[in-house]
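Everything on this sheet refers to the single structure shown next.
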Amino acid sequence: MADEVLDVTGLTCPGPLVESKKKIKRMEAGTTLEIRGTHAPSKKEVPEMLADQGHEILSVTQEGDVWVVTVRKA
Amino acid sequence: MTKMALIVFSGELDKALATFVLATGAAASGWDVTLFFTFWGINIVRSENKCALEKKDVMSKMFGAMMPKGCESLPLSNMHMMGLGTSMMKKRMKGKRVKSLKEMIADAKELGVKFLVCDMSMDVMGLQKEEFIDEVDEIVGVGTYLKEAKDAQVTLFI
């Protein structure tokens, strides 16, 4: 279970990227975040953007229409 | 650090949205982003309720009255249809859960995007620095934009 959950289901471009960044910016280093969304390209782009900024991607899964990205803040 | 410096010349809603999708997406990706608002583009960052401090001449007043007053009164570049097309587009975008331009401007600021306004355009259009939204960081000349653009990997004229 992640420390925090961010729901961006229904949001379209660039919402998932922007909201994920705003959220992780406010979190403590070492804590984990679960991001849930439906915007298809963001399933790839959100973890890429987070990994590029040094955060650790723990998992990327799909539950029906919803993708779930779990990340640990660097 | 990757850097993007955009020249925002156009004052239409669709082009402003494209600008802010790029700017917030890049800022979320950790890029250093600068927006240089010039010519018609300065109306995007014009405040809808702030007033000029100094008295304006007739031409400046005319410009002021004819130009859009801020991000919520910009026309579309196509299919504006006296405002009908633009309001339909806004409604449709809301339905598709695209953020409004106003929300994107707030996101951009929160993620550290720099807002520069061209001093010469401001003067030509008869606007004063007090008439812009609080997000504007600085009123500058082209030299400041060029300094930012010099080491930017991405530069676009919108």
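Since every read-out is calculated from the coordinates, none of them should be taken as a lab result. Please read all numbers here as calculations on a predicted model, not as lab measurements. Neighbour counts are summed over all protein chains in view; Cβ atoms, including those assigned to glycine, are modelled from backbone coordinates with ideal geometry.
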Exercise. Evaluate the relative contact order of chain A (contact order divided by residue number), counting alpha-carbon pairs under 8 angstrom at least 6 apart; express in whole percent.
Key: 35
Quiz item: In whole Å, what is the distance between the alpha-carbon centres of the range B:1-63 and the range B:102-121?
Solution: 6
Quiz item: Hey, which aspartates and glutamates would be in cross-link range of A:K23, C-alpha to C-alpha under 18 Å, not counting anything within fewer than 8 residues on its own chain?
Solution: A:D3, A:E4, A:D7, A:E34, A:E45, A:E48, A:D52, A:E56, B:E103, B:D107, B:E110
Quiz item: Order of A:V68, B:V113 from fewest to most other C-beta atoms within 10 Å?
Solution: A:V68, B:V113
Practice problem: Classify chain B as rounded, prolate or oblate from the Cα gyration tensor: take a ≥ b ≥ c as the square roots of its eigenvalues, call it rounded if a/c is under 1.5, otherwise prolate when a/b beats b/c and oblate if not. | Solution: oblate
Quiz item: Can you sort A:E4, B:E138 so the residue with the fewest Cβ neighbours within 10 Å comes first?
Solution: B:E138, A:E4
Quiz item: Going from the alpha-carbon gyration tensor of the protein assembly as shown, what semi-axes, largest first and in whole Å, does one get by taking the root of 5 times each eigenvalue?
Solution: 36, 21, 14
Quiz item: So how do B:S100, B:S121, A:S20 line up by other beta-carbon neighbours within 10 Å, fewest first?
Solution: B:S100, B:S121, A:S20
Quiz item: Of all trypsin sites (Lys or Arg not before Pro) in the range A:1-67, which ones are in loop regions per DSSP and have a Cβ with at most 15 other Cβ atoms within 10 Å?
Solution: A:R26
Practice problem: Could you tell me which helices of chain B pass both thresholds, a Cα extent of 15 Å or more along their own axis and a mean Kyte-Doolittle hydropathy of at least -1.0, with helices taken as whole DSSP H runs? | Solution: B:13-28, B:84-95
Quiz item: Dipole size in debye (nearest 20) for the range B:23-152 around its Cα centre, Lys and Arg Cβ +1, Asp and Glu Cβ -1?
Solution: 780
Self-check item: Inter-site label distance for B:L146 and A:A51 at 7 Å from Cα along Cβ, in nm
Solution: 4.1
Quiz prompt | Alpha-carbon spread of chain A, three principal axes, descending order, Å | solution = 29, 23, 17
